[in-house]
1. Just want the answer: with Cβ charges of +1 for Lys and Arg and -1 for Asp and Glu, which residue in LEU26, GLY81, MET106 is farthest toward the dipole's positive end in region 1-119?
2. With an 8 Å cut-off on Cα pairs and a minimum separation of 6 or more residues, tell me the relative contact order of region 1-108 in percent.
3. Roughly how many debye, to the nearest 20, is the charge dipole of region 81-236 about its Cα centre, given +1 on each Lys and Arg Cβ, -1 on each Asp and Glu Cβ, and no other charges?
4. Using the Cα centre as the reference, give the magnitude of the dipole from point charges on the C-beta atoms of region 45-143 (Lys, Arg: +1; Asp, Glu: -1; all else neutral), rounded to the nearest 20 debye.
5. Can you work out the Karplus-derived ³J(HN,Hα) for every residue in region 131-139? Use 6.51 cos²θ - 1.76 cosθ + 1.60 with θ = phi - 60°, whole Hz, and x for glycine or proline.
6. Using every alpha carbon pair in region 1-134, what percent of pairs falls into each 5 Å bin from 0 up to the bin containing the largest distance?
7. For region 8-98, which GluC sites (Glu not before Pro) pass both filters: DSSP loop (anything but H, G, I, E, B) and at most 12 other C-beta atoms within 10 Å?
8. Pairs on different chains or at least eight residues apart, Cα atoms closer than 23 Å: how many lysine pairs in the chain fit?
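Derivation of every value follows stated rules applied to the coordinates shown; laboratory data play no part. None of the values given here were measured: they were computed from a predicted structure. Because the Cβ atoms are built from the backbone with ideal geometry, glycine has one as well, and the counts that use them run over all protein chains shown.
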Amino acid sequence: MAEAALELVGVDAFYGEVQALRGLSLRLERGEVLCLLGRNGAGKTTALKAIMGLVAVRAGAIGKDGRDITRLPAHEIPKTGIGYVPQGRRLFSELTVAENLEIGLMTRKKGEETRAAVLDLFPVLRERLSQRSGTLSGGEQQMLAMARALCLEPDVLLLDEPTEGLMPSMIGRIRDAVSGLRDKGVSVVLVEQRVEAALSLADRVAFIENGQNRETLAAAAVRADPARLRRYVGVG
Ligand code: ATP
């Protein structure tokens, strides 16, 4: 079998004494969009945090392109080529658009060429380079958060509910950006609450429940089987 872009095997993760992941296993193939679906509190966000070294992983292993990254400190993880856009975007709101991008570029010492490619993907940001990011619209902030992550030229991108709270027109633009990235060979883990949004983008879906991956299925198989959606997500 080909090496996975990213692989979690039997990961246990904790917040203090509270266990949030219980032997979670996931496999992200190169160039695919893998969507994590599950109810509130199932552990989807924690799975992304575990990959980024932001929660305590007490058992199991996390590998990128076959390299063990389980014990790397959090600031080293992005340098391995993993971009992360957390829920709620977490921009430096006092800084301008240009300054936020600069922070992304510095992380892996990327330059003007990378910056230009990222701005080509989100042209609206080019018009707003000197605007404070806290004054952007929700959709523009999401684009900036993605743009900043892409300044690392990641080959794996983790997106936590990127379309949450956005207008439908913006949702479409974010979706187009994600599928454009996949076309360029970027592998994506997408946490999404809305089943429709998930199924319209995902190649495969992992159903997360109680800190475990119950099963991973092709998106087409999920569409044909609403009973699964009812069972794991409560809709469908
Ligand atoms: P949601 O979509 O609601 O964010 P989720 O599937 O992403 O759901 P997580 O946020 O990963 O779920 O939460 C998994 C479990 O870990 C939940 O039981 C949650 O209460 C717990 N948890 C999350 N963050 C913390 C924290 N900072 N401290 C303690 N427990 C936490």
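1. Ranked along the dipole, the leading option is LEU26.
2. Numbers: 141 pairs, mean separation 28.1, N = 108.
Taking the mean separation of contacting Cα pairs over the length of region 1-108, I get 26 percent.
3. Values: 21 positive and 21 negative charges, 44 e Å.
For this selection, approximately 220 debye.
4. On the way: 15 positive and 11 negative charges, 80 e Å.
Value, rounded to 20: 380 debye.
5. Values, residue by residue: 7, 5, 5, x, 9, 6, 5, x, x Hz.
6. 2, 9, 16, 18, 17, 14, 12, 8, 3, 0
7. Working: sites: GLU17, GLU29, GLU32, GLU76, GLU94; in loops: GLU17, GLU29, GLU32, GLU94.
Sites meeting the loop and neighbour criteria: GLU17, GLU94.
8. Going through the chain pair by pair, I get 13.
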